Amino acid sequence: MMNKEYIADRYKQIQDEICRALEQLDGKASFVEELWARDGGGGGRTRVIQNGDVIEKGGVNFSAVHGVLPEAIKRAFQVDDENFFATGVSIVLHPSNPFVPIIHMNIRYFELNDQIRWFGGGIDLTPHYVEKDEAVYFHRQLKGVCDRFDLSFYPEFKAFADRYFYIKHRGETRGVGGVFYDRLTPEKTALSWEGIFDFSYALGNAFVPTYAELVNRNRHRDFSEANKQWQYLRRGRYVEFNLVYDAGTKFGLETNGRIESILMSLPPHAGWAYDFKPESGSAEAETLLWLRQGVDWLAQ
């Protein structure tokens with residue numbers, strides 16, 4: 001029977017599998033684990049990898065928390081019940097090489113009662129330098145996963161990602177998007193609860209092979225100090241999004257989550273040069289042209 005304990009156990013399993021695969025991909029660094037308990041109930045396993053051959057800083061976090069839902073979250077969710085349960089796996093990887101992209105994944109389950117529960121999550125890619133062929137490859141991989149479950153998933157969830165991963169005050173997307181979904185229930189799909197969980201798990205299983213391809217294409221590329229400075233600027237945009245707009249960050253802070261785990265998504269170094277404008281025709285200027293909503297990557 002699929003219940004919240006089963007979902008949490010399977011998410012733990014996928015955390016284990018992804019960590020092992022990422023250590024093999026990096027080839028140098030290993031994850032350090034920290035177990036933590038939440039004052040209001042539950043806890044998690046924070047796993048961080050740093051100073052690797054590929055990954056400068058990254059985290060693969062699992063949590064399963066419960067307790068009383070704060071009033072601000074109740075209002076945001078438009079619910080009256082207050083005893084919640086939430087579990088999920090959250091991943092952010094910041095690579096050393098500017099030509100290897102940042103990647104983020106989150107798969108999660110939230111429950112108030114038998115009537116109010118849902119799945120959410122997604123994967124999105126944030127290249128420091130947008131390479132069209134790599135963005136196309138990334139989106140094709142995600143479409144392949146989505147199409148196994150529902151042909152409407154990819155176009156719907158891709159559009160949601162475009163809207164969600166948008167830095168409004170900059171007028172640009174965080175990266176090249178991906179897929180993002182929230183409050184997914186059988187009433188909104190042709191899938192059962194088990195089917196939605198299977199989709200969530202399949203998305204998790206696609207993470208490593210998809211990212212490994214992009215890493216191995218770029219991990220040995222030479223780069224300059226100017227490339228590194230651009231990388232820091234793009235990381236700065238990532239920070240701005242996570243601290244200003246990201247719903248997961250807000251939920252963690254407002255439910256008394258563990259600060260180190262919540263802010264694990266931030267890069268080790270970032271930059272904010274004043275009024276930086278890339279040279280016309282440069283790779284940096286070309287990247288900015290791609291950071292917009294509604295790009296049909298599969299038609300490129």
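Remarks
- Computed over the chain: relative contact order in percent, which uses C-alpha pairs under 8 Å that are six or more apart: 18 percent
- Candidate residues Asp182, Asp9: accessible-area rank, largest first, probe 1.4 Å: Asp9, Asp182
- Mean projection area, nm², convex hull over Cα of the chain: 15.2 nm²
- With all protein chains in place and a 1.4 Å probe, the accessible surface of the range 125-202 carries 49 percent carbon and sulfur.
- Neighbour cut-off at most 13 other Cβ (10 Å), DSSP loop, chymotrypsin sites (Phe, Trp or Tyr not before Pro), the range 271-300: Trp272, Tyr274, Phe276
- Relative contact order of the range 136-208, taken over Cα pairs closer than 8 Å and 6 or more residues apart, is 32 percent.
- Highest average first, the peptides 121-128, 134-141 ordered by how many other beta carbon atoms sit within 10 Å of their residues are 121-128, 134-141.
- Of the whole protein surface, Leu289 contributes about 110 Å² of accessible area at a 1.4 Å probe radius.
- Expressed as a whole percent, the accessible surface of the range 214-300 that belongs to carbon and sulfur atoms is 53, based on a 1.4 Å probe.
- For the range 233-295, the fraction of alpha-carbon pairs in successive 10 Å shells from zero, as %: 18, 39, 29, 13, 2
- Stokes-Einstein diffusion for the range 1-68, with the hydrodynamic radius set to the Kirkwood value over Cα pairs and evaluated at 4 °C in a medium of 1.567 mPa s, equals 99 µm²/s.
- With distances taken between every two different alpha-carbon atoms, the range 185-231 has a Kirkwood hydrodynamic radius of 13.8 Å.
- Among the GluC sites (Glu not before Pro) in the range 193-290, those located in a DSSP loop and surrounded by at most 12 other Cβ atoms within 10 Å of their own Cβ are Glu279.
- Span-like helix ranges in the chain, DSSP H, alpha carbon extent 18 angstrom or more, Kyte mean at least -0.5: 193-218
- The residues of the chain expose on average 45 square angstrom of accessible surface per residue, using a 1.4 Å probe on protein heavy atoms.
- Using the rule -39500 (n - 2.57) for each DSSP H run of four or more residues, divided by the residues of the chain, the 222 nm mean residue ellipticity is -13500 deg cm²/dmol.
- Fraction of accessible area attributable to carbon and sulfur, the range 6-59 (%, probe 1.4 Å): 41 percent
The values are calculated or read from the model by the stated rules, or taken from the named source; none is laboratory data. Predicted model only: the values in this text are computed from it and were never measured. Positions of Cβ are backbone-derived with ideal geometry, glycine not excepted, and every protein chain shown enters the neighbour counts. What goes into the accessible areas is simple: the full protein's heavy atoms, side chains included, and nothing from ligands, DNA or RNA. Shrake-Rupley method; radii C 1.70, N 1.55, O 1.52, S 1.80 Å.
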